[in-house]
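Report on the following structure.
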Amino acid sequence: MSAVNFKRSDINLGNWRARPYSTWSFRNMAELVPSAVIRSARLPEKPQRDLGQFSTLLIRNPDGHEMPLDAFLTKSGSDAFVVMKKGEIIAEWYANGCGPSEPHLIFSISKSFTGLIAGILEAQEKLSFAAPVSAYVPEAKGSAYGDVTVRELLNMTVSVVFEESYLDETGDFDRYRRAVLWQPEHPEKPTPTLREFLVSLRKADHPHGTRHAYRSPNSDMAGLVVEAAGGMRYADLLSTLVWQPMGAHTDGFITVDRAGSPRTSGGISVSARDLARFGDLVRRGGGGLVPEWFIESLWQGGDRAVWATGDQHYIYPGGSYRSYWYETGTGALAGMGIFGQWLWVDRSSETVIVRLSSEPVPVNDDLDQCIIAMMKAVSAA
């Protein structure tokens, strides 16, 4: 931390998402919030590579100017960048003290992990996508999740009264963040557990399954569903079903609330290399761990008509959403997280790209479009 002008004691639950503190906190989340370990195969990493031929690839900035990839990564607040081709890392770049074995918070790419776990459990006949959520979480009866199916939950087509407002400090999103221990306690407001918060949410006026509405609590409820169906805590499920058998080199972490419930919507931290290995599992059709039919369903995508009228359609025109994965309409699958986290899987070029970041704001639509263009350019190169 000597390279930046702050001390560890300066960082707290009130400021950890703000720069410059985020350049440290996104790499040390388990020190800020209680976390469960996602045990890996604990293999030694090979030495770090450089960007090689990609360093001079010209990338367009939001202001319209072009610059080499290495300069673009620095200017855009990137922390780690990994390019994998046919399962082998061919280029990488790190900043802010990051490295090949450094876990980094991936925010909502965490959701994509839950999608794959659900696919495995469905194949094992421990989980039914057609069943109501309340079959696995009985407390959900009477809430927005009481009559929604697991399939609708995974596809973000839940009818729920909730505003996805990342800068909220007084409403439901603030209460949500306090429930998962990501926000300071409020002296005059009781802090619910995550489970209590989720079952307090009300159903909206429209039917389930008719609108794509990106709401993070949906995937936290999915975390409770897969725990109940799988008979293990989430971190153990992920470690046993995916992380260890796929050969992850470094332990990951997931934040938990006071009752130990996992923040499956955005609380996972893993290294950039291991995230690329996870993406390559999808590129290879599941690698014998995830059912091939389930992986193929991700490539086929979700309901495009529902996506086209949803609240994220502008990101990927012509795309869709299924099981917490973005089918981009460009031949690639993507996982995305706020503050600039990206996982890009391009089957046609046999490429997986990871970009982790500590951008200064949660969402930057102009920069996101530049990142998408950059992913396409790197895949093509």
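The values are calculated or read from the model by the stated rules, or taken from the named source; none is laboratory data. This structure is a prediction, so every number in the text was calculated from the model and none was measured. So basically every Cβ, Gly included, is an ideal-geometry build from the backbone, and we count neighbours across all protein chains shown.
What is the residue count in region 216-247 for residues that are in a loop (DSSP other than H, G, I, E, B) and small (Gly, Ala, Ser)?
The qualifying residues number 2.
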> Are any residues in region 244-289 among the hydrophobic types (A, V, I, L, M, F, W, C) and closer than 30 Å to Val199 by Cα, and if so, which ones?
Replying inline: Phe253, Ile254, Val256, Ala259, Ile268, Val270
>> Considering only residues that are charged (D, E, K, R) and farther than 14 Å from Ala381 by Cα, which ones fall in region 54-85?
In response: Arg60, Asp63, Glu66, Asp70, Lys75, Asp79
> If we scan region 210-223, do we find a residue that is polar (S, T, N, Q) and in contact with a Gly (Cβ under 9 Å, 6 or more places away or on another chain)?
Replying inline: yes
>> Residues that are farther than 30 Å from Val242 by Cβ and touching a residue at least 12 places away in the same chain (Cβ under 8 Å): does region 30-40 have at least one?
In response: no
>> Test of understanding: among Phe173, Phe113, Phe72, Phe81, which residue is of a type in the set (Phe, Trp, Tyr), touching an Asp or Glu at 6+ places or on another chain (Cβ under 7 Å) and closer than 24 Å to Leu275 by Cβ?
In response: Phe81
> Restricting attention to region 157-169, does a residue exist that is aliphatic (A, V, I, L, M) and under 25 Å from Ile295 (Cβ atoms)?
Replying inline: yes
> Are any of the residues in region 103-117 in contact with a strand residue (DSSP E or B) (Cβ under 7 Å, 6 or more places away or on another chain) and farther than 25 Å from Val361 by Cα?
Replying inline: yes
> Which one is farthest from Leu73 (Cα to Cα) among residues in region 326-350 that are more than 9 Å from the chain's Cα centre (by Cα) and in a strand (DSSP E or B)?
Replying inline: Glu327
>> Being in a helix (DSSP H, G or I), over 19 Å from His206 (Cβ atoms) and of a type in the set (Gly, Ala, Ser) is true for just one of Ala276, Ala305. Which residue is that?
In response: Ala276
> If the Cβ limit is 6 Å and pairs must be 6+ apart or interchain, which residue in region 69-94 that is surrounded by fewer than 18 Cβ atoms within 10 Å (Cβ to Cβ) pairs with which residue that is in a strand (DSSP E or B)?
Replying inline: Lys85/Thr351; Ile90/Val83
>> Taking the criterion of being aliphatic (A, V, I, L, M), in a loop (DSSP other than H, G, I, E, B) and modelled with pLDDT of 90 or more, would at least one residue in region 161-173 satisfy it?
In response: yes
>> Being out of contact with any Ser or Thr (no Cβ under 7 Å at 6 or more places or on another chain), within 30 Å of Ala259 (Cβ to Cβ), basic (Lys, Arg) and surrounded by 15 or more Cβ atoms within 10 Å (Cβ to Cβ) narrows it down to one residue among Arg8, Arg42, Arg27, Arg60; which is it?
In response: Arg27
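Can you confirm whether Thr264 is touching a residue at least 60 places away in the same chain (Cβ under 8 Å) and not hydrophobic (A, V, I, L, M, F, W, C)?
yes
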>> Among the residues in region 122-135, are any under 19 Å from the mean Cα position of the chain (by Cα) and either within 23 Å of Trp243 (Cβ to Cβ) or outside any loop (DSSP other than H, G, I, E, B) (or both)?
In response: no
> So which helices (runs of 4 or more DSSP H) stay within region 1-91 end to end and still have 1 or more residues that are of a type in the set (Phe, Trp, Tyr)?
Replying inline: 22-25, 69-75
> Just a yes or no: is a residue in region 99-110 part of a strand (DSSP E or B), closer than 29 Å to Ser265 by Cβ, in contact (Cβ under 8 Å) with a residue 60 or more places away in the chain and within 18 Å of the chain's Cα centre (by Cα)?
Replying inline: yes
>> Any residue that is over 18 Å from the mean Cα position of the chain (by Cα) and either farther than 27 Å from Ala95 by Cα or buried (at least 17 other Cβ atoms within 10 Å of the Cβ) (or both) - is there at least one of those in region 260-272?
In response: yes
> Residues Pro190, Pro132: which one is under 15 Å from Asp257 (Cβ atoms) and either in contact with a Pro (Cβ under 7 Å, 6 or more places away or on another chain) or surrounded by fewer than 20 Cβ atoms within 10 Å (Cβ to Cβ) (or both)?
Replying inline: Pro190
> Quick check, is Ile372 more than 22 Å from Glu164 (Cα to Cα), hydrophobic (A, V, I, L, M, F, W, C), touching a residue at least 24 places away in the same chain (Cβ under 8 Å) and surrounded by 24 or more Cβ atoms within 10 Å (Cβ to Cβ)?
Replying inline: no
> How many residues are farther than 22 Å from Leu356 by Cβ and either touching a Cys at 6+ places or on another chain (Cβ under 8 Å) or in contact (Cβ under 8 Å) with a residue 40 or more places away in the chain (or both) when one looks only at region 322-342?
Replying inline: 2
